[in-house]
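Since the structure comes first, as structure tokens, the remarks are kept for the end.
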Amino acid sequence: MTQYIVALTGGIGSGKSTIANFFSAFGIPVIDADLIARQVVKPNSIALHIIIQNFGPEILCSDGSLNRMMLKSHVFFDMKQMIWLNNLLRPLIRQKTEQQLCSIHAPYAIWVVPLLIENNLQHRANRILVVDVTPEIQITRTLQRDTISQTLIEKILETQASRQQHLTYANDIIDNNGCREKIQDRVATLHKHYLSLAQSVNR
């Protein structure tokens, strides 16, 4: 079991997946909360069945999978539905995350968790790495990546921890506003640092 966990966090469109892939290239295992969230609502899962009961069959795509964009459009404009969905999914995501972390044998693991601060999960990690970008870049990148309206993106940003809140909790920061090569260099430096920190803890 990995004893040293680095939580990688940041708001929507900050580039967490890109950073995680750089760490993965060094052979570091990545546990991604977003991927786990998709797994727990896969077709024929109990969680998806409950979601269908609540929102109706129109919440599905034509292939029977969850229409995540439609779900977002429901919950981010209705706080009661947001709370209901979080209460359903959080325990399932937490259980699967713990299972994956316990199965890893590596000096350290990267735990990609967008809502680390919002869900008060800071204590679960040894170190917090924040991917920092401006809100303007977050909006631009999300518009380019997803079929989603700017209004919905702005609503999602309102529900997430602010840029300053993320930075307040950060042990380490990656500025992802600009050059990709500089980011790769920064990840390489952090990788060496985390190996050293993990070694001291795992002795």
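The values are calculated or read from the model by the stated rules, or taken from the named source; none is laboratory data. Everything quoted here is computed from the prediction, not taken from an experiment. All Cβ positions, glycine included, derive from the backbone under ideal geometry; neighbour counts span all protein chains shown. Just the protein is used for accessible areas: all its heavy atoms, side chains included, with ligands, DNA and RNA removed. Shrake-Rupley method; radii C 1.70, N 1.55, O 1.52, S 1.80 Å.
Structure notes:
- Per this entry, residue 85 is counted among residues that are in contact (Cβ under 8 Å) with a residue 24 or more places away in the chain, open to solvent by less than 30 Å² (accessible area, probe 1.4 Å) and part of a helix (DSSP H, G or I).
- Sub-6 Å Cβ pairs linking a first residue in segment 42-66 that is more than 20 Å from residue 83 (Cα to Cα) and touching a residue at least 60 places away in the same chain (Cβ under 8 Å) to a second residue that is among the hydroxyl-bearing types (Ser, Thr, Tyr) and open to solvent by less than 50 Å² (accessible area, probe 1.4 Å), at least 6 apart or interchain, number zero.
- Hey, residue 147 open to solvent by 40 Å² or more (accessible area, probe 1.4 Å), at pLDDT below 90 and under 29 Å from residue 91 (Cα atoms) or not: yes
- Candidates 151, 147: the one that is touching a residue at least 12 places away in the same chain (Cβ under 8 Å) and β-branched (Val, Ile, Thr) is 147.
- Verdict on residue 117 being within 22 Å of residue 30 (Cβ to Cβ), not in a helix (DSSP H, G or I) and not aromatic (Phe, Trp, Tyr): yes
- When residues in segment 153-163 are screened for being open to solvent by 70 Å² or more (accessible area, probe 1.4 Å) and either over 11 Å from residue 11 (Cα atoms) or among the hydroxyl-bearing types (Ser, Thr, Tyr) (or both), 1 of them pass.
- Count of residues meeting criterion [in a loop (DSSP other than H, G, I, E, B), open to solvent by less than 20 Å² (accessible area, probe 1.4 Å) and farther than 19 Å from residue 115 by Cα] in segment 4-44: 2
- Residue within segment 134-143 that is of a type in the set (A, V, I, L, M, F, W, C), open to solvent by 20 Å² or more (accessible area, probe 1.4 Å) and without any contact (Cβ under 8 Å) to a residue 60 or more places away in the chain present: yes
- Scanning segment 89-100 for residues that are buried (at least 17 other Cβ atoms within 10 Å of the Cβ) and free of Cβ contacts under 8 Å to residues at least 60 places away in the same chain returns 89, 92.
- Boolean, residue 176 is open to solvent by less than 40 Å² (accessible area, probe 1.4 Å) and of a type outside the set (Lys, Arg): yes
- Condition check for residue 111: assigned to a strand (DSSP E or B), aromatic (Phe, Trp, Tyr), modelled with pLDDT of 95 or more and over 14 Å from residue 160 (Cα atoms): yes
- Within segment 177-203, residues that are modelled with pLDDT under 95 have Cβ atoms under 8 Å from residues that are among the aliphatic types (A, V, I, L, M) and assigned to a loop (DSSP other than H, G, I, E, B) in these pairs: 177/133, counting only partners at least 6 apart in sequence or on another chain.
- Single residue of segment 164-173 satisfying the filter (in contact (Cβ under 8 Å) with a residue 40 or more places away in the chain and in a helix (DSSP H, G or I)) that is surrounded by the most Cβ atoms within 10 Å (Cβ to Cβ): 166
- Residue 80 vs. criteria among the charged types (D, E, K, R) and in contact with a helix residue (DSSP H, G or I) (Cβ under 6 Å, 6 or more places away or on another chain): no
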